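Colleague: Sharing a structure with you now.
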Amino acid sequence: MRSGPRQRRIGRRDGIALAALGAAVTGLITVLATGVSFGVGTNPLPARLRPAAVTTVPSSTSTSTSTSTTTTTTTTTTTTTTTTVPPAPATVRATPSPPRTPAPAPSGILPPDNPSANIAPSPDFLQDCSGAAYDDSAGCVSAALAAIDNARAQEGVPAMTLPGNWYQLSAPEQIFVSTNLERTARGLPPLSAMATALDQAAAQGAADDTDPSPPGGFPSTQWGANWAAEVGNPLEALYYWMYDDGVGSSNVDCTAGDHSGCWGHRDNILMNLSCQMCVMGAGWDSTAYDGNPSLTELLVDSSGQPAVDFTWAQERPYL
């Protein structure tokens, strides 16, 4: 009978002050920019024109005088002028801009909060999945997905729906996609792409059975990394990282005497990333851990435009 996997995590928060400053400036710019559009359609209407009117204007007066010894007659002629004012044009109201689509509301449990207890996988997919080799069989995937859905239900998060091309994805791509599915289900932005340099770092971490880190010079403001071994499918690792990562779990950084690493894998997956461009690397090695699979993921909030090899935009049509 298989036992739980080995797993370890490490997190770095380099440049958080810089990231916070950038977020504050971005927020100010957003407020200033959006403030212009507020109230569209509520500007004061143009002043109304006077209605058409008839005005009487006295003209010059002509006097005709007839003289006789007895009578003087004075005749005054009055001319009436009519002035027509054109009708007021129809009032044109500003067309309001279309409403903005609100960002998904956060749901479930988000850092710094964590689940109160581990949730044992139900069904126990360890009986359906091989821990000695990559296992993407229908039985393994179905059991792991059912366990994830059961744990999500206890957290108040909707069930996970895998993309239609799941079985065509490589193991690293499956790590990327399933991680994003956990983020977006809770209202967090997805990682936009797999960065080539991070994939290489993650692959090396998987080969070395350790958490990877961004290569030197890679632009980043914060990052986190996860590692797991003796699991045959990325969904198995995802389950333990997200739902069975506290005291008493297979998390080697979480012990009865030291809780500092408890739920660390979950915290990394659900990091609050600014995503000016947030990218990921994923690695899989079939035999690195004593002949068993080893896998890693590396989540990075980047401040640059790194080369990428697989994007979330490519995957969205299959969701």
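Colleague: All but one of (1) open to solvent by 20 Å² or more (accessible area, probe 1.4 Å); (2) under 19 Å from Glu173 (Cβ atoms); (3) in contact with a Ser or Thr (Cβ under 7 Å, 6 or more places away or on another chain) hold for Pro219; which doesn't?
Modeller: That leaves (2) as the condition not met.
Colleague: Just to be sure, is Gly291 at pLDDT below 95, surrounded by fewer than 23 Cβ atoms within 10 Å (Cβ to Cβ) and not polar (S, T, N, Q)?
Modeller: No.
Colleague: With respect to the numbered conditions (1) surrounded by fewer than 23 Cβ atoms within 10 Å (Cβ to Cβ); (2) within 28 Å of Gln154 (Cβ to Cβ); (3) in contact with a Ser or Thr (Cβ under 6 Å, 6 or more places away or on another chain), which one is the sole condition not fulfilled by Asp209?
Modeller: Every condition holds for Asp209 apart from (2).
Colleague: Also, quick follow-up: Identify all residues within the stretch 134-158 that are in contact (Cβ under 8 Å) with a residue 40 or more places away in the chain, over 16 Å from Asn114 (Cα atoms), touching a Pro at 6+ places or on another chain (Cβ under 8 Å) and open to solvent by 10 Å² or more (accessible area, probe 1.4 Å); write none if there are none.
Modeller: Hit for the stretch 134-158 is Tyr134, nothing else.
Colleague: Hey, can you tell me all the residues within the stretch 222-242 that are over 16 Å from Met280 (Cα atoms) and either open to solvent by less than 20 Å² (accessible area, probe 1.4 Å) or assigned to a strand (DSSP E or B) (or both)?
Modeller: Ala228, Ala229, Val231, Gly232, Asn233, Leu235, Glu236, Ala237, Tyr239, Tyr240, Trp241, Met242
Colleague: Being more than 17 Å from Glu230 (Cα to Cα), β-branched (Val, Ile, Thr) and in a helix (DSSP H, G or I) is the filter here, so list the residues in the stretch 129-158 that pass it.
Modeller: Ile148
Colleague: Now for a different question. Could you grab the pairs with beta carbons closer than 8 Å, sequence gap of 6+ or different chains, first residue in the stretch 174-188 and of a type in the set (Gly, Ala, Ser), second one in a helix (DSSP H, G or I) and crowded, with 24+ Cβ neighbours inside 10 Å?
Modeller: So the pair list comes out as Ser178/Pro234; Ser178/Leu235; Ser178/Leu238.
Colleague: Here's something else I'd like to know. Those residues that are open to solvent by less than 10 Å² (accessible area, probe 1.4 Å), assigned to a helix (DSSP H, G or I) and farther than 15 Å from Ala237 by Cβ, I need them from the stretch 190-206; list them, please.
Modeller: Selection gives Leu198 alone.
Colleague: How many of the residues making up the stretch 243-288 are open to solvent by 30 Å² or more (accessible area, probe 1.4 Å), assigned to a loop (DSSP other than H, G, I, E, B) and among the acidic types (Asp, Glu)?
Modeller: Qualifying residue count, the stretch 243-288: 2.
Colleague: Provide a single number: the residues in the stretch 294-319 that are open to solvent by 10 Å² or more (accessible area, probe 1.4 Å) and modelled with pLDDT of 95 or more.
Modeller: 13
Colleague: Quick test of your reading of the structure: Pro163 fulfils all but one of (1) within 14 Å of Tyr239 (Cβ to Cβ); (2) in contact with an Asp or Glu (Cβ under 8 Å, 6 or more places away or on another chain). Name the failing condition by number.
Modeller: The number of the failed condition is (1).
Colleague: If I ask for residues that are part of a helix (DSSP H, G or I) and either open to solvent by less than 20 Å² (accessible area, probe 1.4 Å) or under 22 Å from Ser122 (Cβ atoms) (or both), which ones from the stretch 159-189 would you list?
Modeller: Trp166, Ala171, Gln174, Ile175, Phe176, Val177, Ser178, Thr179, Asn180, Leu181, Glu182, Arg183, listed by residue number.
The values are calculated or read from the model by the stated rules, or taken from the named source; none is laboratory data. These numbers come from a predicted model, not from an experiment. Note: ideal-geometry Cβ built from the backbone for every residue, glycine included; neighbour counts use all protein chains shown. Protein only, heavy atoms only, side chains kept; ligands, DNA and RNA dropped before computing areas. Shrake-Rupley method; radii C 1.70, N 1.55, O 1.52, S 1.80 Å.
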